[in-house]
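To start, the structure itself, in structure tokens.
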Amino acid sequence: MPRSIFALAALLLAVALPRLAVAQEPKTRVAILGVDHGAQLVAEKDQPGMLAAWLDMVKPDALCIERPPEQASRQDYYEFTYEVQGIILPWVAKRPTEICPIDWMPPADDQLLGFGLDLDAPLEIRKASGFQGFLTFPDRKILDWDFFAAEDPAVLAPLRKWAGEPALRADRDLPRRLYLYRTYMQAQRIRAIAHKRPGETVVVVVGYFHKPDIEAVLQNDPVIELVSPASLGRPGDDAVRASTTAAHRGAILSFNLLGMQAATGVMNRDWVERVLADFAGSTPSPEARLFRTRLALLTNRISLAEAASQYAAIAADPAAEKPFTWDGVKDRSRIDSFFDPFGNLDVQRRARIELARTLFAQGKAARAGQALEQASAGLSPRKALQLEGYTPMLKPASKAL
């Protein structure tokens, strides 16, 4: 046999052996858990303890989160990803697991060019709701949102339709085009992580609207085995309760009772009451008493005058001069959070805000103004101006009782 044939055979064998070795390596299991950002705070079947307990069950080798690596390296996360800051990061702090940021966003200059604004920068005074406004869930359907809702094809069908149909006008098609590119890049980052972890389990927690396209991009990769999160099991009630922390409960209560969600009237009252009972314990703190008063007022179990009296008592309690267990604040130089116009205040100041709200509702504007002056005392100029800017939301016309 000519030497050239031996050489060719040797070359082909050298090329084939690595491929055979790769083919024999165990696949990386990738489970893409689609979430509705913030829904954990209003939907009992998707509550914070559910995700924490599920992670305890799955024991992932790596956790992928929705944030570009550059920002995540600075511990800079989206305001709206409660599942990251409120659940995943505290879980990882106790159970060390590699965090892999997988999002992609256009540079700020491109955002300004395409949308006319920096998508990461909130307005100085946010809108009550909608784009660049506070997060709320005004549709009661959210109360039935399930932890595995994104496994339901019917949930994803409207998104698939939108993603697959260009806008009638090309100059209005940027959101869809950006979505497709962004999701493709998310998938590529997941692919790179999976290729480094043969035989391991990678969990991706991402907005459910990204899930179908990510899976479509990854489904033909021979190294990756896509698995349904639901196939990995659902935690039982006892496990969920055991995984629910005081911070989880504080977040649920703050979001439903103090945040803009309260104005929608959409609340799972029975669940919130059970959460409050666990949070308060046998000796309620001023924070728990504030939540209790607010819940009683929202459910018409006490009068405005009774609520005002209770708020005044909390505001006068030196023990109330403490931060909330959870506040969802990203920028500490602001008075607000993505959920609540007054989220970055301690319990004492917030009691004065709620006192002012009840006094406005009783037509006692002068006394309400005094309560707001006390709440504003000592704040930075920026926070004081924002408090003034959000004051109309405390008045009856805003329907924010």
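The values are calculated or read from the model by the stated rules, or taken from the named source; none is laboratory data. Since this is a predicted model, take the numbers as computed values, not measurements. Reconstructed Cβ throughout: ideal geometry from the backbone, glycine too, with neighbour counts over all protein chains shown. Note: accessible area is taken over every heavy atom of the protein model, side chains too, but ligands, DNA and RNA are not part of it. Shrake-Rupley method; radii C 1.70, N 1.55, O 1.52, S 1.80 Å.
Just going by the charge dipole of segment 348-401, with Lys and Arg at +1 and Asp and Glu at -1 on Cβ, which of 392, 366, 348 is farthest out on the positive end? Selected residue: 348. With N as its number of residues, segment 198-339 has a Cα radius of gyration that, divided by 2.2 N^0.38 Å, comes to 1.42. Heavy-atom accessible area with a 1.4 Å probe sorts 380, 309, largest first, into 309, 380.
Give me the Debye-computed log₁₀ of I(q)/I(0) at q = 0.24 Å⁻¹ for segment 319-359, equal point scatterers on Cα only, no solvent, two decimals. Scattering profile of segment 319-359, log10 relative to I(0): -0.79.
Given +1 at the Cβ of Lys and Arg, -1 at the Cβ of Asp and Glu and no other charges, the dipole of segment 125-200 around its Cα centre is 440 debye to the nearest 20.
Of all the options 35, 223, 206, the one that moves most in a Gaussian network model of the chain with Cα springs shorter than 10 angstrom is 223.
Annotation for residue 282 and residue 220: the two label points, set 7 Å from Cα along the Cα-Cβ direction, are 6.5 nm apart. Look at the dipole of segment 108-228 built from charges on Cβ: of 170, 195, 148, the Cα furthest out on the positive end belongs to 170. Remark: the residue 124-residue 184 segment gains 18.3 nm on full extension, using 0.36 nm per residue and subtracting the alpha carbon distance.
What the Cβ-Cβ distance of residue 57 and residue 173 gives, at R0 = 41 Å and to the nearest 0.05, is a FRET efficiency of 0.50.
Here's the picture: a label point sits 7 Å out from the Cα of residue 140 along the beta-carbon direction, and within segment 26-42 the residues with their amide nitrogen under 20 Å of it are 39-42.
The charge dipole of segment 332-383, taken about its Cα centre with unit charges on the Cβ atoms of Lys, Arg (+1), Asp and Glu (-1) only, comes to about 80 debye. Cut-off 13 Å, label point 7 angstrom out along Cα-to-Cβ of residue 331: give me the residues of segment 73-108 whose amide nitrogen falls inside. Residues 79 qualify, since their backbone N sits under 13 Å from the label point. Taken over segment 258-401, the ratio of Cα radius of gyration to 2.2 N^0.38 Å equals 0.98. Note on segment 135-252: Cα-only Rg and Dmax are 17.4, 52 Å. The convex hull built on the alpha-carbon positions of segment 26-185 has an orientation-averaged projected area of 11.7 nm².
In a simple Cβ point-charge model (Lys, Arg +1; Asp, Glu -1; nothing else charged), segment 96-231 has a dipole of about 260 debye relative to its Cα centre.
Peptides 385-394, 249-258 ordered by packing proxy, namely the average of other Cβ atoms within 10 Å per residue, highest first: 249-258, 385-394. Counting only alpha carbon atoms, the long axis of helix 269-280 and the longest principal axis of the chain meet at about 80°. Could you check how much of the accessible area of the chain is carbon and sulfur, as a whole percent, using a 1.4 Å probe? In the chain, the share of accessible area belonging to carbon and sulfur is 56 percent. Counting only heavy atoms of the protein chains and using a 1.4 Å probe, residue 27 has close to 100 Å² of accessible surface.
Given their separation in residues at 0.36 nm each and the Cα-Cα distance between them, residue 309 and residue 154 gain 50.9 nm when the chain is fully extended. Peptide packing: for 52-60, 163-171, the average count of neighbouring Cβ atoms within 10 Å per residue gives the ranking 52-60, 163-171, highest mean first.
Report summary: the helix-based calculation at 222 nm, which adds -39500 (n - 2.57) for every DSSP H run with n ≥ 4 and divides by the residues of the chain, gives -14000 deg cm²/dmol. Extension gain, residue 388 to residue 132, is 90.3 nm, computed as 0.36 nm per intervening residue step minus the present C-alpha separation.
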